[in-house]
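The values are calculated or read from the model by the stated rules, or taken from the named source; none is laboratory data. Since we're looking at a predicted model, the values are computed, not measured. Every residue, glycine among them, receives a Cβ derived from its backbone with ideal geometry; neighbour counts consider all protein chains shown. Accessible surface is based on the protein model in full, side chains and every heavy atom, while ligands, DNA and RNA are left aside. Shrake-Rupley method; radii C 1.70, N 1.55, O 1.52, S 1.80 Å.
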Amino acid sequence: MMRKPSSILVIYTGGTIGMVKDVESGSLVPVNVERLLANIPEINRLDIEIHIHTFTHTIDSSNIHPAHWVQLVEVIEENYPQYDGFVVLHGSDTMAYSASALSFMLENLSKPVIFTGSQLPIGVLRTDARENFITALEIAAMKENGAPKLNEVCIYFEYHLLKGNRTTKFSSS
């Protein structure tokens, strides 16, 4: 009998992971998630059904506030029955604050909510975005005896899986 692939909802809030350099201005601008996924063809080799929810207005993480946390919780709660896990693409400046807030707002989780982002945009040659995103997806999709292996809010960043309410950003490089 074939195993059903994990179904993961990717919630794109904004942040460096979803930016590309604008040719004309040279500044970073948000890109749609489909273009983001096109920069990571390895994702197609994962045994994961990926669905996308994009915030109507992407957020620079330095501008995030509690109303955005409420919005994230609402998206997760509305979609909770349909998915095995959630990956939140978020800016790194306030990712620790958001993950901590959600760890207290989402009680009695039986599924993972994995935050990730990157220091460099997805289109940059030596970006950390690919590894962070792919591994966050794999962690969110992990199952043991048919049930999600993780059941809490975490951050996956730079080869580390951390509890969402036990993290701080200590470096911008």
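Here are the numbers for the structure shown:
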item	result
Test: residue in the stretch 66-87 that is surrounded by 13 or more Cβ atoms within 10 Å (Cβ to Cβ), in contact (Cβ under 8 Å) with a residue 40 or more places away in the chain and out of contact with any strand residue (DSSP E or B) (no Cβ under 7 Å at 6 or more places or on another chain)	yes
Residue list for the stretch 13-54, restricted to those being farther than 17 Å from residue 131 by Cα and assigned to a helix (DSSP H, G or I)	34
Residue that is open to solvent by 20 Å² or more (accessible area, probe 1.4 Å), of a type in the set (Ser, Thr, Tyr) and in contact with a helix residue (DSSP H, G or I) (Cβ under 9 Å, 6 or more places away or on another chain), where the choices are 98, 103	103
Filtered residue count, the stretch 138-156, keeping only those that are surrounded by fewer than 23 Cβ atoms within 10 Å (Cβ to Cβ) and outside any strand (DSSP E or B)	9
Which numbered condition residue 109 fails, given (1) closer than 30 Å to residue 3 by Cα; (2) part of a loop (DSSP other than H, G, I, E, B); (3) open to solvent by 50 Å² or more (accessible area, probe 1.4 Å); (4) in contact (Cβ under 8 Å) with a residue 40 or more places away in the chain	(3)
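The rows are residues; the columns are (1) in a strand (DSSP E or B); (2) under 12 Å from the mean Cα position of the chain (by Cα).
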site: 72; (1), (2): no, yes
site: 81; (1), (2): no, no
site: 88; (1), (2): yes, yes
site: 97; (1), (2): no, no
site: 104; (1), (2): no, no
site: 121; (1), (2): no, no
site: 132; (1), (2): no, yes
